[in-house]
Amino acid sequence: MSSRIPLPYSPKVLKYFKNPKNLGPMENPTVEAMAGSPACGDMIRLYLRIADVGGEEVIKEATFESYGCAANIAAASVLTELIKGKTIKEAWKISWKEISDELGGLPPIKYHCSILAVGALKRAVRAYYGGKELPPWLPKELTAEERQTMEEEEMIERIYGRSPKMK
């Protein structure tokens, strides 16, 4: 008998987990970025296709690959739905809390999944502007959410890096 207690996922998390939107790699994306750690398996790779629409940089298409749990897949899926059609500036403002709320809430132990989704988005935006002059709305320094993503990844590496290997 298992002593594991199932997590109380919302119906929306389960819906996106069972039928993720925008799943899979994108051929010839404008930019791609990853957040997460292979040590624990929670990883999100985000692909964006960005186009100039009337002088605005708009996310025309967004897809993802996710290696992880139901919350990880659902967070990445809902993120892609939220950012499609938005300008990069609008997408930049999306927070991990907004992702969690859009999913009907996540168990606290799974907040890191929405943090990683937003972290991948912020990395993709920075990669898009890599080598270009940054727009005035994009801070030169890392934001709190970007630092939080890095801290999550470092913590995962420390925890799982020290775990004994299963035989």
Exercise. So how many residues does the stretch 112-134 have that are modelled with pLDDT of 90 or more, within 13 Å of the chain's Cα centre (by Cα) and not charged (D, E, K, R)?
Worked result: 11
Exercise. Of T80, T63, which residue is among the polar types (S, T, N, Q) and either at pLDDT below 95 or over 11 Å from A120 (Cβ atoms) (or both)?
Worked result: T63
Seminar exercise, completed: Cβ pairs under 7 Å, 6+ apart or interchain, first in the stretch 76-89 and free of Cβ contacts under 8 Å to residues at least 60 places away in the same chain, second polar (S, T, N, Q) and not in a helix (DSSP H, G or I), ordered by first then second residue, are A76/S66; T80/N22; T80/T63
Seminar exercise, completed: Scanning the stretch 112-157 for residues that are among the charged types (D, E, K, R) and crowded, with 16+ Cβ neighbours inside 10 Å, the one nearest to K86 (Cα to Cα) turns out to be K122
Exercise. Restricting attention to the stretch 135-154, and to residues there that are in contact with a helix residue (DSSP H, G or I) (Cβ under 9 Å, 6 or more places away or on another chain) and of a type in the set (A, V, I, L, M), which single residue is modelled with the highest pLDDT?
Worked result: L138
For this session: Just need a number here: residues in the stretch 98-110 that are surrounded by 15 or more Cβ atoms within 10 Å (Cβ to Cβ) and under 26 Å from W137 (Cα atoms).
Result: 4
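The values are calculated or read from the model by the stated rules, or taken from the named source; none is laboratory data. All values reported here derive from a predicted model rather than from experimental measurement. Note that each Cβ is placed from the backbone with ideal geometry, even for glycine, and that neighbours are counted across all protein chains shown.
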